[in-house]
Amino acid sequence: MQKDFAQLNYYEMLDIKPDATALEIRGAYNSALQMYQSDSLVSYSFFSQKERKEILAHLEKSYSTLINEKEREIYDNELIRLGVIQATEKKAAVKGPVSIFDINRQKDTFGMMKANNAELKAKISRNQRIREIISQQEIRGADLKEIRSELGVAIETIHQQTKIRLDYLNWIEDDKIEKLPAAVFIKGFIKSYLKCLCIEPADEITTRYMNYPGRKN
Amino acid sequence: MAHIWPIGGGKGGSGKSFLASSLGRLLAKAGKKTLLIDLDLGAANLHTMVDVPYPEKCFSDFITKKINLLEDTVLTTPFPNLSLISGAHDSLDIANLPYEKKIKTLKAISKLQYEYIVLDLGAGTAFNTLDFFLASRNGIFITTPEPTSIENVYRLMRSIYLRRIRHYFSVTDFKALEKKVKQHLGDDSFNKPEHIVAVIKKEYPEKYALIKKDFNSFSFKLILNQLRKQDNVDLGLQICKIIKKHLGISVDFAGNIAYDEHVHDAICQRVCFLDRYPHTRAANDLRELNKKIGDSFGEQLMLNYL
Ligand SMILES: Nc1ncnc2c1ncn2[C@@H]1O[C@H](COP(=O)(O)OP(=O)(O)O)[C@@H](O)[C@H]1O
Ligand SMILES: [Mg+2]
């Protein structure tokens, strides 16, 4: 029979496995919100206001912890230490020597991107703002982020598709250049990122990204 | 022994009788000897849905001893293999059925010679309704995707849960338990079986183990009826998820039944919807549900609390 919700671990709260990918975590969080939010038909009358508020706070905490790679690692180690989960369950997420590509990550089970290339292209051609950004002389991480947001693609999706580590993607979008690896790698990342969003011409835009003066110094 | 499918729903109008008659019709059509029992006394209309407009005897004749054997209250319907015990003339409310009569009825039902017995239970959470629902491990909950109906189905589920727990305690023990729950958790906590279970776990660990085992052997089903295009098709699955996670009982989502104007038409013409409109979405949903439910039920009657 049931455990008190507050006693569940973050993975149980979100109904995911300990090796869930970032995309799965986000998806689980969204569907949990759908079920527990106060205007949700699913849980209508099932909880008191107070219970609902507590559950939502727990979900928020689970999500924000698990989506952050550092915090997740600390949390996972704690669970492993307490014997709640096995180190082997975490196989997929365990970090060996720092690798640039996460080839161990699970395949994108949602298959969102592959199916939607045509849709993305159509969106791009309809979107004034994206076309403006693409035609800029200087392309920065913030611009990439804006394009991605306009297209409504999750950063986790790009992570899944390109196998580029999530923290790198975040640093790219936030222009935290000092944290990123050598330029040769970055060039590859940007190209994959653009290809993943169906932004053309990828080579040319990558060059503009690599060359913008702010980057160099 | 017969397969017993009690059908309970939160609310009047959610489609219990429509579902009972449709499942009955499908089972009978598949050659199964099937009996429908209308236990929605006071609001009985199952007879109208299976084209028995003037039932000449009914369930209360058994209760008042006008008819001695329950099987002698059975009526035939125009459909081969499909029989009915009507609730039509019952002035009696199911809630007022005295305890011994209820036990007598449950025992009589368990001895009826049918392959399938479908119980159409009224709305509400009267103890008697709950006990009929618990006459089998295969109770079917039905609701529509409206907050009022969902509210009632949750209430019914909690009541069923609590009622089942109640079967494990004597009157005095249960009173004592009640007191402990209030002590631990405050006055309004007693409506929530999940709170009570937490206390049982602490105070009566052997009982807890039994109850847990018992609930694992149930195979409840949930059906969402009258789904319109704009409704969330996953609602039923999500409800089952909430129930599992927060009440700790497994309810399998059996499927959706589309909202269809033809249902109303068929009822108004007093013809069987499935025969009159076989090629509609709702008819298809019903056939699929029937198959799914039929395939998945195992062990039958319990009545072990009698
Ligand atoms: N799937 C459906 N589509 C459209 N109308 C329905 C459907 N199911 C039930 N109804 C309507 O709801 C009414 C109430 O159904 P009924 O089975 O009598 O409910 P209950 O027995 O739960 O009170 C029916 O008369 C019918 O008009
Ligand atoms: Mg009815």
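The values are calculated or read from the model by the stated rules, or taken from the named source; none is laboratory data. These numbers come from a predicted model, not from an experiment. All Cβ positions, glycine included, derive from the backbone under ideal geometry; neighbour counts span all protein chains shown. Surface areas here come from the heavy atoms of the whole protein model, side chains and all, with no ligands, DNA or RNA. Shrake-Rupley method; radii C 1.70, N 1.55, O 1.52, S 1.80 Å.
Pick from B:Ser149, B:Ser136: which is away from chain A (no Cβ under 14 Å), open to solvent by less than 30 Å² (accessible area, probe 1.4 Å), out of contact with any helix residue (DSSP H, G or I) (no Cβ under 7 Å at 6 or more places or on another chain) and hydroxyl-bearing (Ser, Thr, Tyr)?
Numbers: B:Ser149 fails: away from chain A (no Cβ under 14 Å).
The unique qualifying residue is B:Ser136.
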Of the criteria (1) within 18 Å of the chain's Cα centre (by Cα); (2) modelled with pLDDT of 55 or more, which one A:Ser99 fails: (2)
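Return yes or no: is B:Asp131 among the acidic types (Asp, Glu), modelled with pLDDT under 95 and open to solvent by less than 10 Å² (accessible area, probe 1.4 Å)? Steps first, please.
On the way: among the acidic types (Asp, Glu): yes; modelled with pLDDT under 95: yes; open to solvent by less than 10 Å² (accessible area, probe 1.4 Å): yes.
Here the answer is yes, as B:Asp131 does meet what is asked.
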field: Answer from B:Thr73, B:Thr34, B:Thr77 - the residue that is open to solvent by less than 30 Å² (accessible area, probe 1.4 Å), free of Cβ contacts under 8 Å to residues at least 24 places away in the same chain and more than 16 Å from ligand 1 (Cβ to nearest atom)
entry: B:Thr73
query: For region B:169-234, list the helices (runs of 4 or more DSSP H) that sit wholly inside it and hold at least 3 residues that are within 12 Å of chain A (Cβ to nearest Cβ), open to solvent by less than 20 Å² (accessible area, probe 1.4 Å) and under 27 Å from B:Ala135 (Cβ atoms); which are they?
result: B:193-203, B:205-216
- request: Kindly list the number of the only condition in (1) part of a helix (DSSP H, G or I); (2) more than 16 Å from ligand 1 (Cβ to nearest atom); (3) open to solvent by less than 80 Å² (accessible area, probe 1.4 Å) that fails for B:Ala282.
  value: (2)
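Please pick out the residue among A:Glu173, A:Glu200 that is open to solvent by 30 Å² or more (accessible area, probe 1.4 Å) and either in contact with a Pro (Cβ under 9 Å, 6 or more places away or on another chain) or without any contact (Cβ under 8 Å) to a residue 60 or more places away in the chain (or both). Even if it seems obvious, please write down each step before you answer.
Values: A:Glu173 fails: open to solvent by 30 Å² or more (accessible area, probe 1.4 Å).
That would be A:Glu200, the only listed residue that is open to solvent by 30 Å² or more (accessible area, probe 1.4 Å) and either in contact with a Pro (Cβ under 9 Å, 6 or more places away or on another chain) or without any contact (Cβ under 8 Å) to a residue 60 or more places away in the chain (or both).
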- prompt: With (1) surrounded by 18 or more Cβ atoms within 10 Å (Cβ to Cβ); (2) in contact with a Cys (Cβ under 9 Å, 6 or more places away or on another chain); (3) within 14 Å of another protein chain (Cβ to nearest Cβ) as the list, and B:Ser250 as the residue in question, which single condition is left unmet?
  reply: (1)
field: Criterion (farther than 28 Å from B:Asn290 by Cβ, within 14 Å of another protein chain (Cβ to nearest Cβ) and away from ligand 2 (no atom under 16 Å from the Cβ)) met by exactly one of B:Leu97, B:Leu162, B:Leu69
entry: B:Leu162
- request: Identify the residue in region A:30-69 that is more than 13 Å from chain B (Cβ to nearest Cβ) and among the aliphatic types (A, V, I, L, M) and, among all such residues, is least open to solvent (accessible area, probe 1.4 Å).
  value: A:Leu66
query: In region B:134-146, what residues are at pLDDT 95 or above and either part of a strand (DSSP E or B) or more than 20 Å from B:Leu46 (Cα to Cα) (or both)?
result: B:Ile140, B:Phe141, B:Ile142, B:Thr143, B:Pro145, B:Glu146
- prompt: Which of the residues spanning region B:55-85 are closer than 15 Å to B:Leu119 by Cβ and either in contact with a Leu (Cβ under 6 Å, 6 or more places away or on another chain) or of a type in the set (Asp, Glu) (or both)?
  reply: B:Phe62, B:Ser83, B:Leu84
message: Filter region B:84-95 down to the residues that are within 10 Å of B:Val52 (Cβ to Cβ) and either open to solvent by 20 Å² or more (accessible area, probe 1.4 Å) or of a type in the set (S, T, N, Q) (or both) and list them by number.
response: B:Ser86, B:Ala88
Residues of region A:178-196 satisfying the condition of being β-branched (Val, Ile, Thr) and at pLDDT 85 or above: A:Ile186, A:Ile190
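From B:Ile239, B:Ile267, which residue is more than 13 Å from chain A (Cβ to nearest Cβ) and either within 16 Å of ligand 2 (Cβ to nearest atom) or part of a helix (DSSP H, G or I) (or both)? Quick ask: steps written out before the conclusion?
Numbers: B:Ile239 fails: more than 13 Å from chain A (Cβ to nearest Cβ).
None of the other options fit; the residue is B:Ile267.
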